[in-house]
Amino acid sequence: MIYIIKDINDPYSKILNDDPVRPNIKITDRFGQNKNNFLLIEKSQICAVLCTKFCSSIPKDEIELLSDDTVNSNIIVFYTIWSYYKGSGQKLIIEGLKQIKLQFPFIDRFVTLSPITEQAKNFHIKNGAEIFRINASTVNYEYK
């Protein structure tokens, strides 16, 4: 099941403090009109987490990501994903894309703000993304 954490008062919101990819992004910066946090929950267990943000352009770094306050843009940025169980991140990307396309039909670009690591590269390429741009400290992968 895909669950969307609605706001900071949601009982699941504390899980966002576990973010190993972008631990410096405060939990309060993860909520608002242009931000969504998805959980993959199976058998009452949180299996994976995906944090996203609508942006007017594809950010090259966290500063650009956090400063873009666009609402209902046609671009959604997956800026962090992590899993607690093998295969759960992949399942969340696949199911999350389906959910986002249904819930936000105006979105036509699905990009990441990923660290420059082999793990991130292998994960996104394996799940159908292509490299859009390599930046100084990040890589933007794009899902179709």
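Tabulated results
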read-out	value
Residue that is surrounded by the fewest Cβ atoms within 10 Å (Cβ to Cβ), among those in region 91-111 that are β-branched (Val, Ile, Thr) and not in a helix (DSSP H, G or I)	Ile107
Residue match in region 36-53 (condition: open to solvent by 80 Å² or more (accessible area, probe 1.4 Å) and of a type in the set (S, T, N, Q))	yes
Region 54-90 - residue that is crowded, with 18+ Cβ neighbours inside 10 Å, among the hydroxyl-bearing types (Ser, Thr, Tyr) and outside any strand (DSSP E or B) and, of those, modelled with the highest pLDDT	Ser88
All positions within region 5-19 that are open to solvent by 90 Å² or more (accessible area, probe 1.4 Å) and either within 17 Å of Ile46 (Cβ to Cβ) or touching a Leu at 6+ places or on another chain (Cβ under 6 Å) (or both)	Lys6, Pro11, Lys14, Asn17
Sole exception among (1) within 22 Å of Ile15 (Cβ to Cβ); (2) open to solvent by 20 Å² or more (accessible area, probe 1.4 Å); (3) of a type outside the set (Lys, Arg) for Glu130, by number	(1)
Glu62 being over 16 Å from Asn127 (Cβ atoms), out of contact with any helix residue (DSSP H, G or I) (no Cβ under 8 Å at 6 or more places or on another chain), of a type outside the set (S, T, N, Q) and in contact (Cβ under 8 Å) with a residue 40 or more places away in the chain	yes
Single residue of region 135-144 satisfying the filter (loosely packed, with under 14 Cβ neighbours inside 10 Å and modelled with pLDDT of 95 or more) that is nearest to Glu62 (Cα to Cα)	Ser137
Test: residue in region 98-111 that is under 17 Å from Tyr143 (Cβ atoms) and in contact with a helix residue (DSSP H, G or I) (Cβ under 8 Å, 6 or more places away or on another chain)	yes
Residue identified as over 19 Å from Leu16 (Cβ atoms), of a type outside the set (Val, Ile, Thr) and in contact (Cβ under 8 Å) with a residue 24 or more places away in the chain among Tyr141, Tyr79	Tyr141
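The values are calculated or read from the model by the stated rules, or taken from the named source; none is laboratory data. Bear in mind the structure is a predicted one, so any value in this text is a computation, not a measurement. All Cβ positions, even for glycine, are placed from backbone atoms using ideal geometry, and neighbour counts span all protein chains on display. Areas reflect the complete protein model, heavy atoms only, side chains present, ligands, DNA and RNA absent. Shrake-Rupley method; radii C 1.70, N 1.55, O 1.52, S 1.80 Å.
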